[in-house]
């Protein structure tokens with residue numbers, strides 16, 4: 001009996017020691033030092049293209065206030081070495097990230113308390129920002145991101161060929177002219193566009209997320225496709241060909257008045273309600289279908305499998 005009691009006491013002591021070790025090791029890992037790597041307005045050479053391969057960092061492209069391109073970033077992390085690198089070859093900017101260890105909220109709060117300055121959580125966003133001069137021409141652009149967000153808002157930026165692929169992140173594009181090819185693929189995230197002109201070919205594919213556009217001008221070919229998400233397009237002008245597809249989601253589209261007469265419209269919904277409102281007039285509506293013949297060569301096709309459609 002004594003042997004059994006001693007064995008039980010030994011097991012209890014070992015269990016307490018193991019718990020204490022786990023607590024200590026946990027404190028040590030959470031208290032790891034936080035480093036911040038910074039770069040402010042680093043002047044770049046002529047940039048005619050870019051290629052970004054990022055995991056956790058956000059990427060933002062803005063209008064430069066200066067007549068040249070420059071790069072800035074601020075990356076708080078637990079890496080002993082900067083996880084971000086960049087270089088330029090043949091006027092192409094390459095951005096790479098490897099093994100970023102993000103600090104926890106407790107680390108950031110602790111740093112804010114120790115500092116005499118006032119900080120906001122927004123200042124701790126791990127983001128790389130590329131500034132391009134107004135009316136820049138990008139011949140080729142390629143963005144591959146796993147968990148970060150992508151923002152593009154450079155005044156009158158022209159893209160000959162731009163491919164964007166995001167895993168788990170949102171994308172926002174504004175003030176962009178697409179005379180060539182634009183391909184955007186989002187696995188899990190929302191996409192918003194504003195004041196974009198598409199005279200070339202554009203394809204937007206979203207698996208799980210919403211698509212929203214405002215002041216969109218389509219004189220070329222545009223395809224918008226979502227599997228699980230709504231599509232909202234306001235103040236759109238179509239003088240080319242536009243296809244809108246959604247598997248499981250609603251579609252709301254508001255056209256500019258000056259493009260309606262010339263526009264051929266075909267709307268189909270398999271499982272959902274349909275409403276065609278003024279200023280869209282004429283055409284025939286029957287059993288989930290709406291057809292309108294235009295006086296020009298522009299086409300707008302809208303298809304939903306399970307969702308409502310509002311066209312006005």
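The values are calculated or read from the model by the stated rules, or taken from the named source; none is laboratory data. This is a predicted model, so every value here is computed, not measured. Quick reminder, even Gly has a Cβ in these numbers, built from the backbone with ideal geometry, and neighbours come from all protein chains shown.
Conditions (1) modelled with pLDDT of 95 or more; (2) part of a loop (DSSP other than H, G, I, E, B); (3) assigned by TED's automatic domain parsing to the domain that holds residue 136; (4) surrounded by fewer than 16 Cβ atoms within 10 Å (Cβ to Cβ), marked per residue:
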| position | (1), (2), (3), (4) |
| --- | --- |
| 36 | no, no, yes, yes |
| 52 | yes, no, yes, no |
| 56 | no, yes, yes, no |
| 60 | yes, no, yes, no |
| 67 | no, yes, yes, yes |
| 71 | yes, no, yes, no |
| 75 | no, no, yes, no |
| 80 | no, yes, yes, yes |
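Take residue 236 and decide whether it is in contact (Cβ under 8 Å) with a residue 24 or more places away in the chain, surrounded by 15 or more Cβ atoms within 10 Å (Cβ to Cβ) and either farther than 26 Å from residue 188 by Cβ or outside the structural domain of residue 157 (by TED's automatic domain parsing) (or both).
no
Scan the range 283-312 and report the pairs whose first residue is in contact (Cβ under 8 Å) with a residue 40 or more places away in the chain and in the same structural domain as residue 264 (by TED's automatic domain parsing) and whose second residue is part of a loop (DSSP other than H, G, I, E, B) and exposed (fewer than 13 other Cβ atoms within 10 Å of the Cβ), with Cβ atoms within less than 6 Å and a gap of 6+ or a chain change.
308/273; 312/277
Sort through 216, 206 and tell me the only one that's under 22 Å from residue 279 (Cα atoms) and surrounded by 19 or more Cβ atoms within 10 Å (Cβ to Cβ).
Of the residues listed, the single one that is under 22 Å from residue 279 (Cα atoms) and surrounded by 19 or more Cβ atoms within 10 Å (Cβ to Cβ) is 216.
Given the criteria crowded, with 16+ Cβ neighbours inside 10 Å, more than 21 Å from residue 171 (Cα to Cα) and either touching a strand residue (DSSP E or B) at 6+ places or on another chain (Cβ under 9 Å) or modelled with pLDDT of 95 or more (or both), does residue 272 qualify?
So residue 272 passes the test.
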